[in-house]
1. Per DSSP H run of at least 4 residues, take -39500 (n - 2.57); add these up for the chain, divide by its residues and hand me the 222 nm value, nearest 500 deg cm²/dmol.
2. Which of Ile156, Ile197, Ile93 moves the most in a Gaussian network model of the chain with Cα springs under 10 Å?
3. In terms of Cα to Cα distance under 15 Å, which aspartates and glutamates are near enough to Lys123, apart from those fewer than 8 places away along the same chain?
4. Let me know the shape class of the range 39-151, please: from the alpha-carbon gyration tensor, a ≥ b ≥ c as square roots of the eigenvalues, rounded when a/c is under 1.5, otherwise prolate if a/b is greater than b/c, or oblate.
5. State whether the range 110-155 is rounded, prolate or oblate according to the following rule on the C-alpha gyration tensor (a ≥ b ≥ c being the square roots of its eigenvalues): a/c under 1.5 gives rounded; otherwise a/b larger than b/c gives prolate, and the remaining case gives oblate.
6. State in Å² the accessible area per residue of the range 31-102; use a 1.4 Å probe, count heavy atoms of protein chains only, and round to the nearest integer.
7. What net charge is computed for the residues neighbouring Asp141, neighbours being all others with C-beta under 13 Å from the C-beta of Asp141, Lys and Arg scored +1, Asp and Glu -1?
8. Relative to the longest principal axis of the chain, what angle (0 to 90°, nearest 10) does the C-alpha long axis of helix 39-56 take?
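The values are calculated or read from the model by the stated rules, or taken from the named source; none is laboratory data. Note that the coordinates shown come from a computational prediction; the quantities given were computed from them, not determined experimentally. Reconstructed Cβ throughout: ideal geometry from the backbone, glycine too, with neighbour counts over all protein chains shown. For the accessible areas, the whole protein counts, side chains as well, though only heavy atoms, and no ligand, DNA or RNA atoms are used. Shrake-Rupley method; radii C 1.70, N 1.55, O 1.52, S 1.80 Å.
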Amino acid sequence: MVDVLPGLATANGPNAMIPIFMTILGVSLFAVGSAYRIPRVVDMDQKVFFAINDKLRPLASFFQIIWLFGRTPLTLATLFIIVLFNFSLDGAIPTVVFFFIAAIESLIKRTYHRERPFISNQKIPMLQPHLPTDASFPSGDSLRIWFLVLTLPFWIPLPGWAPVLLILIAFTVSIGRIVMGVHYPTDVLAGAGMGIIASAITYLLHYSLFSS
């Protein structure tokens, strides 16, 4: 087993703290999302869902467009670009981590089988362009978009304003999952948490294996 601490120690102070902070944040979000079975959390989850869904539903067409940023094809295309920019074993880290976290997401979905909002309540319209057939928890689109926006700036040189724009897109994609009636807020939080954790793992692997 590779000892990750020496690798982290070779990075400068702020960089060494990045994966630690992201891991704490990701685990916290996933923990909050995983609490959806607690009665008090269920009540709050429903209230937040309807507050967002009712108010933003008129903007559904916009969220249907932005939804494409969280889809698997764009994720795979972005990972391919990262490999091209970093044509080495180091550049393959994000792809390996993505498939690892995607496998965990699939396992969780098959284990918990949470019904999507539009299935649990027929009064909720399903506004996503394609009918989802898998479970609601966690949100795979939220996982993918947060993984991408936090990983991409590290592996590909981008303008200084780009990370802010990417985070705004990730937030919008995540909210869109609720607006289109396909996910509860706790699903989105858990998915975003998993994406953040996956991004933290890419930083951790880079620092531990390739920093000198």
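1. Helix contribution divided over all residues of the chain: -23500 deg cm²/dmol.
2. Ranking Ile156, Ile197, Ile93 by mean-square fluctuation puts Ile156 first.
3. Output for Lys123: Asp54, Glu115.
4. The shape class here is prolate.
5. Values: a/c = 3.54, a/b = 2.05, b/c = 1.73.
Judged from the Cα gyration tensor, the range 110-155 comes out prolate (a/c at least 1.5, a/b above b/c).
6. Values: 4440 Å² over 72 residues.
Per-residue accessible area for the range 31-102 comes out at 62 Å².
7. +2
8. In the chain, helix 39-56 runs at an angle near 80 degrees to the longest axis.
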